[in-house]
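Everything below concerns the one structure shown next.
No value in this document is a laboratory result; all are computed from the given coordinates. Everything numeric here is computed off the predicted structure, so don't read it as measured data. Cβ: placed from backbone, ideal geometry, glycine included. Neighbour counts: every protein chain shown.
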Amino acid sequence: MQIKPEQLSSSLSRGLQTIYLVSGDDTLLVEEACDEIIAAARSQGFTERSIHHVEPGFHWYDITNDAASMSLFAERKILDLRLGSGKFDKEASEVLRSWCDGETSNSDTLLMLRTDRLQPRQRSSAWFKAIEQAGGIVLIWPMSPRDMPRWLEARLTKRGLSMDRDGLSYLADRVEGNLLAAAQEIEKLALQDLPQPISQQTLIASLEDTSRFTSFDMIDAAMAGDAVRARKVLHSLKQEGVSLFAILGALTSQLRRLGQSRGLPPARARILEQFAQRVSSPLTLLAECAVIDQQGKGQRFGDAWVSLEQLVLVMAGTVGMVPPSVYQRRLRGR
């Protein structure tokens, strides 16, 4: 059965399944869901845990052997498999379906798989349906900005804290969708003796800015089509004194590797792949980077930072925005 993340606790309290699949791109939420399953299992005597990383050379049939070999000191065992979404091959399908059919599983072994977000094709596969039928599947989807304050409020409540509406909105804006940063800030708040509910003014006085951006944050936002965030990150980098040429270097390296997303985290790989489909050619964008580089060195007319912002907005697909070289020609023609 499929279990919503917020319903996992109540599901576990009604009894354990022999197999769980936890899938999603947000590491914090995936880990916390897995920790919850492990805690429930340990409370029922699963005192031993065996961790397997599915990497080149891994054999899925080793799971069956591991399940059959119990230590002298534990009666029940958790098999914790950690893998990427692309690691489910034919052998994996056979082993997982055999486990779900009860041919290789037993009540003294719990199999838990944690993976990146699965694609629709994988969610319609035979092995996925077998797990759905015999065990529990927790799919963790990206959190929308609209849901962020609600998540923060629930997180605060768990730590015995409360916050007013303005404070929640402020905190959501500051962490920029970074759930790990949000969790860390809430832990800091829990260590302080703050009046409840925590107001926006109190929060501002207590928190450091968790929105520490990198050049890759700007590039990802631009390639994802988020012009507002891309511009905000660029301005932040400039204010923090980040070198124009360091940003250009990161940008050109990413443009050169378009179509080569292998080995990247799934979320970033998707952004690069979708951007590659949207732009006509990275060579045009690299030529614009060359123009900006020359501006930054005083070899061409124009403000390099302004041109970089124009290029970022073009990459984000901003309607009516043209590349910096076009603005340069217009200014020269006056």
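For the chain, what does -39500 (n - 2.57) per DSSP helix run (n ≥ 4), summed and divided by total residues, give at 222 nm, in deg cm²/dmol to the nearest 500?
After summing the helix terms and dividing by the residues of the chain, the value is -16000 deg cm²/dmol.
Charge tally for Gln274 (other residues, Cβ to Cβ under 13 Å; Lys, Arg +1; Asp, Glu -1): 0. Between His53 and Asp89, the distance separating the two model label sites (each 7 Å from Cα on the Cα→Cβ line) works out to 1.8 nm. A Cβ-based charge dipole, computed about the Cα centre of the chain with Lys and Arg at +1 and Asp and Glu at -1, lands at about 1460 debye. A Gaussian network model of the chain, with springs between Cα atoms under 10 Å, assigns the largest mean-square fluctuation among Leu251, Leu29, Leu191 to Leu191. Label-to-label distance, Leu283 versus Ser243, with points set 7 angstrom from Cα along the beta-carbon direction: 2.9 nm. Computed over every Cα-Cα pair of the range 215-332 and binned at 5 Å starting from 0, the pair-distance distribution P(r) comes out as 2, 12, 23, 26, 20, 11, 4, 1, 0 percent.
Stretching the chain fully between Gln2 and Glu31 yields a gain of 8.7 nm (0.36 nm per residue, less the alpha carbon separation).
On full extension, the segment bounded by Gln274 and Asp164 gains 35.7 nm, given 0.36 nm per residue less the C-alpha separation. Find the percent of Cα-Cα distances in the range 129-168 that exceed 14 Å, and round it to a whole number. Value for the range 129-168 (Cα pairs over 14 Å): 61 percent. Pairs over the 24 Å Cα-Cα cut-off, from the set Lys129/Lys158; Lys4/Lys90; Lys4/Lys129: Lys129/Lys158; Lys4/Lys90.
Legend: P(r) of the range 5-140 from all alpha carbon pair distances, 10 Å bins from 0, whole percents, reading 12, 47, 36, 5, 0. A cut-off under 13 angstrom between Cβ atoms defines the neighbours of Leu139, and their net charge, with Lys, Arg +1 and Asp, Glu -1, is -1. Assign one of three labels to the range 14-61, namely rounded, prolate or oblate, based on the Cα gyration tensor with a ≥ b ≥ c the square roots of its eigenvalues; rounded applies when a/c is under 1.5, prolate when it is not and a/b is larger than b/c, and oblate otherwise. Oblate.
By the rule of a C-alpha distance below 28 Å, with chain neighbours fewer than 8 residues away ignored, the lysines paired with Lys232 are Lys188, Lys297.
Going by how many other beta carbons lie within 10 Å of each one, how would you line up Lys90, Lys188, fewest first?
Lowest count first: Lys90, Lys188.
Could you identify which residue out of Gly57, Gly136, Gly302 has the top mean-square fluctuation in a GNM of the chain using Cα springs shorter than 10 Å? Greatest mean-square fluctuation among the candidates belongs to Gly57. Among Ser98, Ala221, Ala39, whose Cα lies farthest out toward the positive end of the dipole of the chain, if unit charges sit on the beta carbon of Lys, Arg (+1) and Asp, Glu (-1)? Of Ser98, Ala221, Ala39, it is Ala221. Note on the range 123-235: with charges restricted to the Cβ of Lys and Arg (+1) and Asp and Glu (-1), its dipole about the Cα centre is near 320 debye.
Look at Val95, Val138, Val326 and count the other Cβ atoms within 10 Å of each Cβ; fewest to most, that gives Val326, Val95, Val138.
Assuming a viscosity of 1.567 mPa s and a temperature of 4 °C, what translational diffusion coefficient in µm² per second does Stokes-Einstein assign to the chain, Rh being the Kirkwood radius over Cα pairs? Approximately 56 µm²/s, per Stokes-Einstein.
Please check: in the Gaussian network model of the chain (C-alpha springs, under 10 Å), which one of Leu156, Leu118, Leu171 has the largest mean-square fluctuation. Comparing Leu156, Leu118, Leu171 in a Gaussian network model of the chain, the most mobile one is Leu156.
Take the Cα of Arg82, step 7 Å toward its Cβ, do the same at Gln184, and the gap between the two points is 1.9 nm.
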